[in-house]
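*Asks:* Handing you a structure now.
Derivation of every value follows stated rules applied to the coordinates shown; laboratory data play no part. The structure displayed is predicted, hence computed values, not measured ones. In this analysis, Cβ positions are derived from the backbone assuming ideal geometry, glycine residues included, and neighbour counts consider all displayed protein chains.
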Amino acid sequence: MIAKSIKGASPEEIKTELEASMADGFKPSLAIAFVSVKQDLHAICEILDEAGLAIFGATTNGGFMDEEVVLGEAAIMLLDMNQAYFQIYFEEYPLKNYREVAAGIAKKALKDFSNPAFLMAGSHMETDAEQLLFGFEDVIGKQVNIYGGMAGDDFSFTNQFVFTNTQESKRGVIVLAIDENKIKIRGRATCGWKAVGTERTVTKSDGNHVFTVDDVPVLDLTAKYGGLENITPENGGFSIEVAAQFPLQLQREVGDPVMRPGLLVDWSDHSFYCSGSVPQGSKVRFSLPPDFDVIDKVIKACEELKATEIEEADALVIFSCAGRYITLGPLIGDEIEGMRNVWDVPMVGMFSNAELARATGGNLEMHNLTTCCVVLKEK
C-alpha cells in the first residue's frame, strides 16, 4: 500500500498538490483529511471526490503532515488501499444517543468484514465520546481495535465538523472500518504528564462536572497545587493554558490513568467541567506541568510499539491533543518528527479536542493531553 501526504492553504493548492502526487501513476482511493474550519470544506471535498477518493474527514485545531505543523490549512493522507478493504460510515446523533448510533455502525461493519478495525472522529463539544466507544464494544466485544479523536475548530470551541464526500455534521461521527485480515492496524496512546501528591477522592460530581475533591471545591485545590493566585473571572479566569498544565489524572483499576483537564469554570461554586466523565467516588491525582520528558515518553512508546507489535508500516495517522500543542509550543515539532522517524513513512495528524484509544494496559477511553499514534501496514 502506497501512502502520500499533501497539504494546502486553499482548495487550489490542494488540487495542485493532488495532481502532482498522481503524476507518477499513483492512484489513491482513500483520503484521510484533517482540515481547518477556515478552509472551504465543500470545495476541498469536491476536489477529492472528483478524483475518485473516499473521504474520512474532520476539522481540527491545527494539523501536521510528515514533520511540518500546518495551522489554518488542510493536511491530507492519500492511500491507494484496495477499495474492498475499507468502508466509510457516517451518522448523526441529534438525540444524543451516542451508544446506539455507534452500535448500529458496528453491526454494519460486521456485515462487511469479519474482523474490522476502526478509525473514528466525532464532532460537538457535548458528545460523550466514551459512549461511542462503548457502542462498538457492545457489538464487537472488549477486544475491538479502534482509534480516533474529536474534531476541533481552531480553538474557537464553537462548531466542529466531521465529513465525508457529500455529507458533514457538527453533531455526528465518521468511521473508517478497515478489514484487519488485509490491513494490520496497531496504536499506542501516550500522555507523559507526571502525577503529584497523594490520591484524592472526587466527593461530588455529575458526569463531567466536578464540584469537590476531598470536599474542597476542585478549582481551589487546583489553584493550591499549581501555586496559582488571583484566579478570578476578572483576572482572565481559568484559561485553557492553565487547564493543560494542571489537569486531574483519573486513576483506573486497570491500566494507566487518563487525563481530565478542567475546561469551563462555574464561578458560583468554583466547580469546573472536565473534557470527559469523572465519576463521583473515583480517585484522582493532580499533575505537574510538563517538561521535555513527555516528548521522550511518546517517542519511546512508538519505539516499543514497533519493536513488539508492528515492525513495518505503510502510513502513520496521529491524533494529538490540542493541549499538547498549547503547552509544548514549538517543541511539539520535536515530538512529531520523533514519531515519524520511528517508521520513516508518510504521516498525517491533527490536534484534536480529545483522543480515543485503549489506555496502556487498560480499556478503551476518551483521553486528553495524549498522543495516539496509529500505524497501518498492508499484509
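*Asks:* Can you sort S156, S21 so the residue with the fewest Cβ neighbours within 10 Å comes first?
*Replies:* Neighbour counts put them in this order, fewest first: S156, S21.
*Asks:* Check the straight Cα-Cα distances from K283 and name the lysines below 23 Å, setting aside those fewer than 8 residues away within the same chain.
*Replies:* K194, K204, K224
*Asks:* Relative contact order, percent, of the range 195-287 when contacts are C-alpha pairs under 8 Å separated by at least 6 residues?
*Replies:* Across the range 195-287, relative contact order equals 42 percent.
*Asks:* Any idea what % of Cα-Cα pairs in the chain are farther than 30 Å?
*Replies:* That fraction is 35 percent.
*Asks:* Going down the list K300/K377; K170/K300; K38/K96, which pairs span over 30 Å between their C-alpha atoms?
*Replies:* The pairs that break the limit, which is 30 Å between Cα atoms, are K170/K300.
*Asks:* Taking square-rooted eigenvalues a ≥ b ≥ c of the alpha carbon gyration tensor, is the range 28-171 rounded, prolate or oblate, where a/c under 1.5 means rounded and, failing that, a/b exceeding b/c means prolate?
*Replies:* Verdict is oblate for the range 28-171.
*Asks:* Under the rule of at least 5 residues apart or a separate chain, name every residue whose amide H is placed under 5 Å from the amide H of V196.
*Replies:* Answer set, sorted by chain and number: F286, S287, L288.
*Asks:* For the range 198-211, take each phi angle, set θ = phi - 60°, evaluate the Karplus expression 6.51 cos²θ - 1.76 cosθ + 1.60, and give the result in whole Hz per residue in order, putting x for glycine and proline.
*Replies:* Working through the residues one at a time gives 8, 5, 10, 10, 6, 8, 8, 7, 9, x, 9, 9, 9, 9 Hz.
*Asks:* Next question, about the same structure. Using only Cα atoms, find the angle between the long axis of helix 11-21 and the longest principal axis of the chain, and express it within 0 to 90 degrees, rounded to the nearest 10.
*Replies:* Computed tilt is about 60 degrees.
*Asks:* Here's another thing I want to ask about it. Enumerate the amide H contacts of F211 below 5 Å, restricted to partners 5 or more residues apart or on another chain; note that Pro and chain-start residues carry no placed amide H.
*Replies:* K204, S205, D206
*Asks:* If we count every other residue with Cβ under 14 angstrom of D269's Cβ, Lys/Arg +1 and Asp/Glu -1, where does the sum land?
*Replies:* That sum, taken over residues with Cβ under 14 Å, equals -3.
*Asks:* So, in Å, what gap is there between the alpha-carbon centers of the range 181-233 and the range 1-54?
*Replies:* 39 Å
*Asks:* Using helices alone, what [θ] at 222 nm do you get for the chain, with -39,500 (n - 2.57) per DSSP H run of 4 or more residues, divided over all residues and rounded to the nearest 500?
*Replies:* -8000 deg cm²/dmol
*Asks:* Show me the chymotrypsin sites (Phe, Trp or Tyr not before Pro) within the range 263-297 that DSSP assigns to loop and that have at most 16 other Cβ atoms within 10 Å of their Cβ.
*Replies:* Filter output for the range 263-297: W267, F292.
*Asks:* Mind ordering 353-360, 308-315 by average Cβ neighbours within 10 Å, highest first?
*Replies:* Descending packing order for the listed peptides: 353-360, 308-315.
*Asks:* Round to the nearest 10 and give me the degree value, 0 to 90, for the angle of helix 41-50's Cα axis relative to the longest principal axis of the chain.
*Replies:* Roughly 30 degrees between the two axes.
*Asks:* Same structure, new question: Out of residues 5 or more away from T370 or on other chains, whose amide H comes under 5 Å of its own, with H placed 1.01 Å from N in the peptide plane?
*Replies:* C321
*Asks:* On a 0 to 90 degree scale, rounded to 10, what angle separates helix 129-140 from the longest Cα axis of the chain?
*Replies:* In the chain, helix 129-140 runs at an angle near 60 degrees to the longest axis.
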